[in-house]
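K.L.:
Questions regarding the structure given below will be posed in turn.
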Amino acid sequence: MQLNLASEASHTQRLSPAALALIRVVSAGLKAHGLLLFVTGVYFLAMATTIWNRPDAIRVPFAKIVGVILGISVALTVSAVALQRFCHMVAIAKPTRPLAHFTLDLAQALFDARRWATGLPMALALLPFMYVYANFKYNIPVIAPFSWDTTLETWSRALHFGFLPWQWLDPFLSNVAATALLSANYFMWAAVVWGMTVALGFSGRNDETRTRFFLTFMLTWSIGGTLLAILFSSAGPCFWQQLHLPGDPYAGLMDNLRRANAIVPLGVIEEQNTLWQGYSKHMLIAGISAMPSMHNAMALLMALTATQLGRNLAILLWCHCILVFLGSIWLGWHYSVDCYAAFAITSLFWWASKPIAAGWHALSFVKEFDTVLAEIPSQGSASAGPLNLSEDAERQFSWSSASTA
């Protein structure tokens, strides 16, 4: 035993101070993200015991999902950081040598050690998590064929005094401009969610708001977007005719969309046709699931989180949330109850995650990671947090950590 301890001590002494520091950062980071890694592990086990045991299940290649996520994340991150640092240079720094200043500043922002210290453990949790979700999403109609559409339509009509929500919206939104705006905002959703996730994941900070966001994120996708989606398996109003359901209460809505699409290419009709083709031919394009609406769930989560980060960002994301809700109805993607259910479960998980995040950050090994982050040398303007849209001009464009303090 003494010989083994002596051998371990000898190996440790051979490591350089930089290697020891790296080991400490990695170890502390993994421990501090243990809660989220645990959720991913449970989610993975749920997939292994359900989908992997079904001979008729659609298998999603891990490399494909990870490759897509990494590719989009890198492209969005570099673009967003470059734009942010350019705005800071023009509005605040105003250097005499702009190209040299911008190049150095961008490099510092992209390769800041604190960002990577927080981002890599989060990526380790999120990449397999989204792989599991993709497997579930593709297999929802395999596990539970669509059977809830007529019931959800009935509930939506009952909640709106005998009318469908799109009929209430028709006098206000049945024009090309409004439809195009809602369509553009709806398609923007993925980039907004991706941007928010990457920005918080690689923020260089490990605070309660960040943990609360990702815990709510994971619970909403796993319970709402998976369990409830299977229990209430449904396709959505835009697929009513393809499902050969009685009548067609959404014929007028789809006619409105086709007329608008003939004037201004919206992409909505094409996207819906592509999804249905992928479903009917069992292709790996994207799964179909209406209940609950994860578009609305994530839009609300981002708005709630932004309220903790800065007023300007909160205003933008609350507007985005409202437009996503209207677009969900007017573009035929969701029944109104899909949206209301999404708001309910997201609000529930956001509320429940607050004491959990507070208790988690009170643990000694989580505090140790905060200490480790504080010891990492600052790299100029890139070392602070990314989300801050306060009134002050300097903080409007810089990645100052003051907004999340």
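K.L.:
Any idea how many residues of the range 223-238 are surrounded by fewer than 22 Cβ atoms within 10 Å (Cβ to Cβ) and outside any loop (DSSP other than H, G, I, E, B)?
P.N.:
Adding up the residues that qualify gives 5.
K.L.:
A follow-up question, please. Determine whether Val81 is hydrophobic (A, V, I, L, M, F, W, C) and farther than 20 Å from Val192 by Cα. Spell out how you get there, then give the answer.
P.N.:
On the way: hydrophobic (A, V, I, L, M, F, W, C): yes; farther than 20 Å from Val192 by Cα: no.
No; evaluated as a whole, the condition is false for this residue.
K.L.:
Same structure, new question: Would you mind telling me which numbered condition in (1) in contact with a helix residue (DSSP H, G or I) (Cβ under 9 Å, 6 or more places away or on another chain); (2) over 22 Å from Phe343 (Cβ atoms) Gly247 fails?
P.N.:
Going through (1) in contact with a helix residue (DSSP H, G or I) (Cβ under 9 Å, 6 or more places away or on another chain); (2) over 22 Å from Phe343 (Cβ atoms) one by one, Gly247 breaks only (1).
K.L.:
Does Ile315 satisfy the condition of being β-branched (Val, Ile, Thr), buried (at least 24 other Cβ atoms within 10 Å of the Cβ) and farther than 19 Å from Thr226 by Cβ?
P.N.:
Criteria not met by Ile315.
K.L.:
Does Ala314 count as under 30 Å from Leu215 (Cβ atoms), part of a helix (DSSP H, G or I) and touching a Gly at 6+ places or on another chain (Cβ under 7 Å)?
P.N.:
On the way: under 30 Å from Leu215 (Cβ atoms): yes; part of a helix (DSSP H, G or I): yes; touching a Gly at 6+ places or on another chain (Cβ under 7 Å): no.
No; evaluated as a whole, the condition is false for this residue.
K.L.:
If you don't mind, another one. Can you pull out every residue in the range 104-141 that is closer than 30 Å to Gly247 by Cα and either among the hydroxyl-bearing types (Ser, Thr, Tyr) or surrounded by fewer than 17 Cβ atoms within 10 Å (Cβ to Cβ) (or both)? Don't jump to the end; show me each part of the working.
P.N.:
Looking only at the range 104-141, we keep the residues that are closer than 30 Å to Gly247 by Cα, and these are 137-141.
Across the range 104-141, the qualifying residue is only Tyr138.
K.L.:
Another question, if that's okay. What helices (runs of 4 or more DSSP H) completely inside the range 2-64 contain at least 2 residues that are hydroxyl-bearing (Ser, Thr, Tyr) and at pLDDT below 75?
P.N.:
Details: elements: 2-14, 17-32, 34-50.
Correct list: 2-14.
K.L.:
Residue by residue through the range 346-373, note down the ones that are touching a Ser or Thr at 6+ places or on another chain (Cβ under 6 Å) and within 30 Å of Ser183 (Cβ to Cβ).
P.N.:
Those that are touching a Ser or Thr at 6+ places or on another chain (Cβ under 6 Å) and within 30 Å of Ser183 (Cβ to Cβ): Thr346, Phe349, Trp350.
K.L.:
Do we find that Leu257 is under 30 Å from Val39 (Cα atoms) and part of a helix (DSSP H, G or I) in this structure? Before you say what the answer is, go through the steps one by one.
P.N.:
Details: under 30 Å from Val39 (Cα atoms): no; part of a helix (DSSP H, G or I): yes.
No; evaluated as a whole, the condition is false for this residue.
K.L.:
I'm trying to understand the selection: among the residues of the range 239-254, which are part of a helix (DSSP H, G or I) and not aromatic (Phe, Trp, Tyr)?
P.N.:
Ala251, Gly252, Leu253, Met254
K.L.:
While we're looking at this one, here's another question. Mind listing whichever residues of the range 349-382 are at pLDDT below 50 and surrounded by fewer than 19 Cβ atoms within 10 Å (Cβ to Cβ)?
P.N.:
Let us first name the residues in the range 349-382 that are at pLDDT below 50, namely 380-382.
Gly380, the sole residue that qualifies.
K.L.:
Inside the range 334-348, can you point out the residues that are crowded, with 24+ Cβ neighbours inside 10 Å and among the hydrophobic types (A, V, I, L, M, F, W, C)? Before you say what the answer is, go through the steps one by one.
P.N.:
Here is the first cut: in the range 334-348, the residues crowded, with 24+ Cβ neighbours inside 10 Å are 334-335, 337-339, 342, 346.
Listed by number, the residues that qualify are Val337, Cys339, Ala342.
K.L.:
Out of (1) out of contact with any Lys or Arg (no Cβ under 9 Å at 6 or more places or on another chain); (2) among the charged types (D, E, K, R); (3) on the phi < 0 side of the Ramachandran plot, the odd one out for Asp105 is which?
P.N.:
Asp105 satisfies every listed condition except (1).
K.L.:
Is there a residue in the range 300-310 that is surrounded by 18 or more Cβ atoms within 10 Å (Cβ to Cβ) and closer than 21 Å to Leu152 by Cβ? Can you show your working first?
P.N.:
Quick first cut of the range 300-310, residues surrounded by 18 or more Cβ atoms within 10 Å (Cβ to Cβ) only: 300-306, 309-310.
Remaining after also requiring closer than 21 Å to Leu152 by Cβ: 300.
Yes, there is a match, as at least one residue in the range 300-310 is surrounded by 18 or more Cβ atoms within 10 Å (Cβ to Cβ) and closer than 21 Å to Leu152 by Cβ.
K.L.:
Mind telling me which of the residues Glu271, Glu208 ends up being within 26 Å of Leu304 (Cβ to Cβ), surrounded by 14 or more Cβ atoms within 10 Å (Cβ to Cβ), of a type in the set (Asp, Glu) and touching a Phe, Trp or Tyr at 6+ places or on another chain (Cβ under 9 Å)?
P.N.:
Values: Glu271 fails: within 26 Å of Leu304 (Cβ to Cβ).
Testing whether each residue is within 26 Å of Leu304 (Cβ to Cβ), surrounded by 14 or more Cβ atoms within 10 Å (Cβ to Cβ), of a type in the set (Asp, Glu) and touching a Phe, Trp or Tyr at 6+ places or on another chain (Cβ under 9 Å) leaves just Glu208.
K.L.:
So which of Asn296, Asn256 is at pLDDT 90 or above, surrounded by fewer than 23 Cβ atoms within 10 Å (Cβ to Cβ) and in contact with a helix residue (DSSP H, G or I) (Cβ under 8 Å, 6 or more places away or on another chain)? Full working, then the answer.
P.N.:
On the way: Asn296 fails: surrounded by fewer than 23 Cβ atoms within 10 Å (Cβ to Cβ).
It is Asn256.
K.L.:
In the range 288-301, which residues are assigned to a helix (DSSP H, G or I) and small (Gly, Ala, Ser)? Working first, answer last.
P.N.:
Filtering the range 288-301 down to residues assigned to a helix (DSSP H, G or I) leaves 294-301.
Of everything in the range 288-301, those that are assigned to a helix (DSSP H, G or I) and small (Gly, Ala, Ser) turn out to be Ala297, Ala299.
K.L.:
Criterion first (under 19 Å from the mean Cα position of the chain (by Cα), outside any helix (DSSP H, G or I) and either of a type in the set (Gly, Ala, Ser) or within 23 Å of Met122 (Cα to Cα) (or both)) does Leu304 satisfy it?
P.N.:
Details: under 19 Å from the mean Cα position of the chain (by Cα): yes; outside any helix (DSSP H, G or I): no; either of a type in the set (Gly, Ala, Ser) or within 23 Å of Met122 (Cα to Cα) (or both): yes.
For Leu304, the condition - under 19 Å from the mean Cα position of the chain (by Cα), outside any helix (DSSP H, G or I) and either of a type in the set (Gly, Ala, Ser) or within 23 Å of Met122 (Cα to Cα) (or both) - is not met.
K.L.:
Might you let me know whether the range 101-110 holds any residue that is modelled with pLDDT under 85 and either small (Gly, Ala, Ser) or closer than 30 Å to Tyr133 by Cα (or both)?
P.N.:
Yes, the range 101-110 contains a residue that is modelled with pLDDT under 85 and either small (Gly, Ala, Ser) or closer than 30 Å to Tyr133 by Cα (or both).
K.L.:
Within the set of pairs 6+ apart or on separate chains, which have a first residue in the range 256-276 that is among the β-branched types (Val, Ile, Thr), a second that is modelled with pLDDT under 90, and C-beta atoms under 7 Å apart?
P.N.:
Thr274/Ile285
K.L.:
Given Leu22, Leu76, which one is surrounded by 14 or more Cβ atoms within 10 Å (Cβ to Cβ), more than 23 Å from Phe136 (Cβ to Cβ), without any contact (Cβ under 8 Å) to a residue 60 or more places away in the chain and not β-branched (Val, Ile, Thr)? I'd like the intermediate steps shown before the answer.
P.N.:
On the way: Leu76 fails: without any contact (Cβ under 8 Å) to a residue 60 or more places away in the chain.
Criteria check complete, one pass: Leu22.
The values are calculated or read from the model by the stated rules, or taken from the named source; none is laboratory data. Not measured: the values here are computed from a predicted model. FYI the Cβ positions are ideal-geometry reconstructions off the backbone, even for glycines, and counts take in every protein chain you see.
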